[in-house]
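Okay, so here's the structure we're looking at.
We did not get these values from a lab; they are worked out from the coordinates using the rules stated. Since the structure is predicted, the reported quantities are computational estimates derived from the model, not experimental observations. Cβ sites come from the backbone with ideal geometry, for glycine too, and all protein chains shown count toward neighbours.
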Amino acid sequence: MNRQKPVIHSAFTIVELLVVIAIISVLVGLLLPAVQAAREAARRTTCQNNLKQIGLGFHTHHDTFGWFPTGGWGWNWTGDADRGFDERQPGGWAYNLLPFIEQQALHDIGKGSQGADKERLNGGRLESLVQTYLCPSRRSGRIEPTSIKMHNAEFRNMVCKSDYAANCGDGPRNEIDGGPAAGSTTPPAMPQLENGVSYRCSKVATNALLDGLSHTLCVGEKYLDLNLWGTGTDAADNENAFCGYDNDLYRSTNEIYHPPMLDRAGLIQYTYGGAHHAGFHVVMCDGSVHVIGYEIEKEVFRRLGNRADHVTDNLFN
């Protein structure tokens, strides 16, 4: 007589299942910070590459015209493809740099047009994203709100921003005003307080950098209030990337802007800084990219902005 052997069904007990879940939770807890750290390292590398391209663009612009990109007129003006690259150009450094970071077509939008047609085309440019101007640790792949109207462009409520600011010197300001009245063709006077590499109507050549190119800051990351990211309400992030001399695009190393800071919530400060915990990235006027710690001494910070104070620090040696 054949008897079938009983079939024994194996299964996890509740205790075993809880143990497996606990082990998986521990492994996820261990791996997640490492994954996040790897992602941030990749974002930092992209940010450094952006500044490298910007630094190379500054030098190519200088090789072409004999000066670093001019700073434009003020926050109510944007770039105009028919007004050249000198003090007649109302757009700031980020607009003037476009042909030198493979964005010639974007720079030339509206060229040869007039009146309302040009304003419409200039307004369209404001909506065009330039990834080179965005730090991926803060924002990437999107345009953001603004409420500021340009004199020479149709209003657009979503525009390209910039996470990088050019060095206007160690004076007590990083902007002046909105610029001349609408319809003006006469540039404003070049200011006397600024001693950096780009500012209103500037035409700074390398021979003016008496402290040396490696000791003068060119462009660096800017600090922003975490609460205001992407809202268009931060006074240092409420215009567009292609406007003229304005604290959206310029920073000073004056003592009133010390220290540079890691982005934080609830504090508005128009200084250098950024979203990276280790420090903020800068490109110097010799094209070298560095990380500067937020704890940098006040006087050393100031000297980085002044192109000709005859005092240098071996900060990166």
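List of remarks:
- Virtual spin-label span in nm between Asp177 and Glu299, 7 Å along Cα→Cβ: 3.7 nm
- Residue pairs, from the table Lys111/Lys203; Lys52/Lys222; Lys118/Lys161; Lys111/Lys222, whose Cα atoms sit over 26 Å apart: Lys111/Lys222
- Computed from the alpha carbon positions, the gyration tensor of the range 180-289 leads to an equivalent ellipsoid with semi-axes of 25, 21, 11 Å, biggest first.
- Charge dipole magnitude, Cβ of K and R +1, D and E -1 - the chain, Cα centre, debye nearest 20: 1140 debye
- When both the range 264-281 and the range 165-243 are represented by their alpha-carbon centers, they are found 18 Å apart.
- Virtual spin-label span in nm between Met158 and Ile21, 7 Å along Cα→Cβ: 4.2 nm
- Take the Kirkwood radius over Cα pairs of the range 48-137, plug it into Stokes-Einstein at 10 °C and 1.306 mPa s, and you get 118 µm²/s for translational diffusion.
- Shape of the range 77-183, Cα gyration tensor, a/c cut at 1.5: rounded
- Our estimate of slack between Ala205 and Ser147, defined as 0.36 nm per intervening residue step minus the Cα-Cα distance, is 17.4 nm.
- The chain - Kirkwood radius from inverse mean 1/r over Cα pairs (Å): 20.8 Å
- Rounded D (µm²/s) - the range 140-227, Kirkwood Rh over Cα pairs, Stokes-Einstein at 20 °C, 1.002 mPa s: 136 µm²/s
- Sorted into 10 angstrom bins from 0, the C-alpha pair distances of the range 264-315 split as 20, 52, 24, 4 percent.
- If you run the Gaussian network model on the chain, springs between alpha carbon atoms under 10 Å, then out of Ile21, Ile148, Ile268 the most flexible one is Ile21.
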